[in-house]
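Beneath this line is the structure, given in structure tokens, with notes to follow.
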Amino acid sequence: MPRLMRDIGEFNALFHQPTLHPFVSVGDLAAADSSLFEPTDFDMYCVLLLEEECGELTKDGRPISYRAGTVVTMMPGQTMAIRVESGKTPQGKMLAFRPELLIKTGLGRDFYMFGFFSYDAREALELSAIERGILQNCFANIIAELHTVDDHLTGHMLRLGIGQLLSYCKRFYERQFVTQRKTNSDVIEKLSSLLDNYLSSGLPEQKGQPTVAWCAQQFNWSPNYFGDVIKRELHITAQEYVQGKIIEVAKNMLTDTAMSVTAIAQQLGFAYPNHFTRLFRRKVGMSPSEYRMRV
């Protein structure tokens, strides 16, 4: 069983450093106790900047392919471990902050933007040299604030520093999506075929409509990462894309077959025909029966 970390004090003990704030800390991997790298659920949000390759890194038991200048993020409930190679010392920084830091704050309000915390192990962020320097500065700013005499602005300044670091991560992920555009275009083409094949296979009637989670699974991606790729490429949500494919097939069935609306709804995986009719009306502007009469 992975170790469950209870608080920031326990985190700091692994880095042999004092606790300067109850909800926030930054550790230097080179100074860490070797037990830090055992399977651990930190029960916090963590941002790990790896400066060198030092051994096999796993997140939730899955290996992460990484190089110098890779960022890995974790959230409560996720487990990380590093099997450090003999003769190597991990290099880098690790930010940890408790969920309590987000309660009723601007950072908490905007946290929805940082969906990369839910990304899977295969979806780490690889930085350019310039990006790496920017994040190093962000870590340095947070460390400096932690060592500043505590006053009424301390919490605010720490949240600003963390928000800046996370915003840069978001920006760099967007850049990574762009540099992978050819690969992502292939994904859209493959996804279209997967959905067409599934919707025409008879499986929806047995197993239900295709979901975003199912689509993501076909590419070994997390739903959040998959959704971000689709939104970046097509400017619509993954759910909207899947629903669009369902409506496209439904239109063909309405015009090319004599099947009833109820039978079409069942074949496309809808548990209730009125759910199909409601979705169709929302997407097309008329009911399935009206559409069939007009075409």
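Express in whole angstrom the spacing between the alpha-carbon centres of the stretch 263-279 and the stretch 70-104. Using only Cα atoms to place each centre, the spacing works out to 45 Å.
Across the stretch 159-235, the volume of the C-alpha convex hull divided among the residues equals 102 Å³ per residue. With R₀ fixed at 30 Å, the C-beta to C-beta distance from Arg282 to His156 puts the FRET efficiency at about 0.10. Net charge in the neighbourhood of Glu174 (other residues with Cβ under 9 Å of its Cβ; Lys, Arg +1, Asp, Glu -1) is +3.
Among the listed pairs Lys104/Lys245; Lys88/Lys231; Lys93/Lys245; Lys59/Lys231, those with a Cα-Cα distance over 32 Å are Lys104/Lys245; Lys88/Lys231; Lys93/Lys245. When Lys59, Lys88, Lys231 are compared by accessible area of protein heavy atoms, the largest-first order is Lys231, Lys88, Lys59, using a 1.4 Å probe. Here the contact order of the chain, divided by its residue count and restricted to Cα pairs under 8 Å and six or more residues apart, works out to 14 percent. Pairwise Cα distances in the stretch 25-68 exceed 16 Å for 42 percent of all pairs.
Quote the FRET efficiency, to the nearest 0.05, computed for Glu100 versus His275 with a Förster distance R0 of 41 Å and r equal to the Cβ-Cβ distance. Calculated transfer efficiency: 0.55.
Among residues other than Val26 whose Cβ falls under 11 Å from its Cβ, what is the net charge (Lys/Arg +1, Asp/Glu -1)? Here the count lands on -1. Estimated at 0.36 nm per residue, the fully extended path between Thr257 and Ser200 surpasses their Cα-Cα distance by 19.2 nm.
Only helices enter this figure: runs of n ≥ 4 DSSP H residues, each worth -39500 (n - 2.57), summed and divided by the residues of the chain, yield -15000 deg cm²/dmol at 222 nm to the nearest 500. For a straight C-alpha distance cut-off of 17 angstrom, the aspartates and glutamates reachable from Lys207 (same-chain residues fewer than eight places away being disregarded) are Asp196.
Taking label points 7 Å from Cα along the Cα-to-Cβ direction, Arg232 and Gln136 give a separation of 2.5 nm. Bridges between two residues of the chain, per DSSP, are antiparallel at a rate of about 95%. Heavy-atom surface analysis with a 1.4 Å probe gives the chain a carbon and sulfur content of 51 percent of its accessible area.
Solvent exposure of the chain, expressed per residue, is 50 Å² of accessible area, with all protein chains present and a 1.4 angstrom probe. Kirkwood-type hydrodynamic radius, the chain: 21.7 Å, calculated from all non-identical alpha-carbon pairs.
The values are calculated or read from the model by the stated rules, or taken from the named source; none is laboratory data. This structure is a prediction, so every number in the text was calculated from the model and none was measured. A quick note on method: Cβ atoms are made from the backbone with ideal geometry, for glycine too, and the neighbour counts reach across all protein chains shown. What goes into the accessible areas is simple: the full protein's heavy atoms, side chains included, and nothing from ligands, DNA or RNA. Shrake-Rupley method; radii C 1.70, N 1.55, O 1.52, S 1.80 Å.
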